[in-house]
Amino acid sequence: MSMKRSFIREILEAIDEETISFAGGLPSEKLFPHEDLKIATLKALENPKVYQYTISNGISELREQIAQRYTNEGFPTTKDNILITTGSQQAMYILAKFFENKDITIEEPSYLGAMNIFRLNYLKMQGVKLENDGVNIEQFENSFKNTKLTYLIPDFQNPSATTYSEEKRDAISEIVKKYNGILIEDSPYSELYFEKKSKYISASLPNNSFHLGSFSKTLVPSLRIGWIRADEEKIKSLMIIKESIDLHSCGVSQYILAEYLKDEAKYEKHLQEIRDDYKAKAIYFSEQLKNILPEFKHQTPKGGMFLYGTFGDNIDTFALVQECLKKKVVYVPGNQFYIDKIPNGEIRFNYTHSSFEQIEKGLKLIKSCL
Ligand code: PMP
């Protein structure tokens, strides 16, 4: 196999406690609803059925709760439209198996973890340039008319933090309909908006889309629960793949989540706490960048967990990160998010996991390496 490991996972294993890491996409631990999850866990564990094998598409209660959230947002959904997966990472794996060997249109830059899954399943990726308000529509149509399959992250994209404008969402939807193709819409960050939530593109393509969600960024990643929303026929086909991978996602995790989600107001309050905390961090990170590294061009994020930008073509951020590692600070160089990985001046910073002090110190350390 010619595939290499993910740069991010390798870095996470290699760094020590002292290193300031802007690399991993780690949520802030201090925002985990530890007490409420403990209560939900104890409650869930009282029921002996929690320990038994369960059905492959996921427990009915949790699918119902997820479906209800879509319906409340104007995207009518029932529990039969939902397949529970082991993180949305597995959702992508299942879909890549489903579309094995096909051509696929992706954003460039795009999520490294998805690109690795596509490589593993022999999908041939065609990159389309991502602009400030979404992919370049002309390039997108040119690619999509051949691939008829696309993977997009329209809300607070990983890595670029880009959020699609309403116009581009509509344009994508029209193109998918025109060629009767398929959209895979990956939305782990859509709840982490600082101002407003955008409409899912999938809502206008109920039979031509797979919509992916996850509790990793909104609650905790360790439960490893995500899902796919699609029409019933597609869900049935995906279940065949899901069954042969792991029979079903962890039942204990699913029952804990179903117990926690019973109190909708509590979940909403928790989401608002994350949004407020991340917004303050995003603004601080951006201000510090302007002070310490003014040559780094970027936009202040409007949601999500990442800040993306560039030093321009004169700096190779892949070479720079090797120096930074020696000084105990790390980020992900932008070339990792491109199909051909040619070095460039771009960087993805995760701003949610570090303290205010670490942000300032880390950026000063990067400055000293330039
Ligand atoms: N999609 C995107 C865009 C991501 O950034 C991530 C996590 N970094 C995932 C999917 C996978 O998340 P999980 O498996 O934890 O749900």
_From the options 86, 78, 54, residue that is under 19 Å from residue 207 (Cα atoms) and open to solvent by 10 Å² or more (accessible area, probe 1.4 Å)_ = 78
*Taking only pairs six or more apart or across chains, which ones have beta-carbon atoms under 8 Å, a first residue in region 83-97 that is within 19 Å of residue 233 (Cα to Cα) and touching a residue at least 60 places away in the same chain (Cβ under 8 Å), and a second residue that is near the ligand (Cβ under 7 Å from one of its atoms) and in a helix (DSSP H, G or I)?*
92/113; 92/114
*Members of region 332-351 that are part of a loop (DSSP other than H, G, I, E, B) and surrounded by fewer than 22 Cβ atoms within 10 Å (Cβ to Cβ)*: 338, 339, 340, 341, 342, 343, 344, 345
*Has region 24-46 got any residue that is more than 30 Å from residue 288 (Cα to Cα), in a loop (DSSP other than H, G, I, E, B), more than 16 Å from the ligand (Cβ to nearest atom) and among the hydrophobic types (A, V, I, L, M, F, W, C)?*
no
*Residues of region 198-215 satisfying the condition of being within 16 Å of the ligand (Cβ to nearest atom), touching a strand residue (DSSP E or B) at 6+ places or on another chain (Cβ under 7 Å) and part of a loop (DSSP other than H, G, I, E, B)*: 200, 215
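Grab the helices (runs of 4 or more DSSP H) fully contained in region 111-197, keeping just those with 1 or more residues being within 11 Å of the ligand (Cβ to nearest atom).
On the way: elements: 112-120, 137-147, 166-178.
It comes to 112-120.
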*Among residues belonging to region 89-110 that are open to solvent by 10 Å² or more (accessible area, probe 1.4 Å) and closer than 12 Å to residue 228 by Cα, point out the one that is farthest from the ligand (Cβ to nearest atom).*
93
*asked:* Testing residue 141 on (1) touching a helix residue (DSSP H, G or I) at 6+ places or on another chain (Cβ under 7 Å); (2) open to solvent by less than 10 Å² (accessible area, probe 1.4 Å), one condition comes back false. Which one is that?
replied: (2)
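The values are calculated or read from the model by the stated rules, or taken from the named source; none is laboratory data. Keep in mind it's a predicted model, so treat the numbers as computed, not measured. Methodologically, a virtual Cβ is constructed for each residue, glycine included, from the backbone with ideal geometry; neighbour enumeration extends over all protein chains shown. Remember, those area values only see protein heavy atoms, side chains included, never the ligands or the DNA or RNA. Shrake-Rupley method; radii C 1.70, N 1.55, O 1.52, S 1.80 Å.
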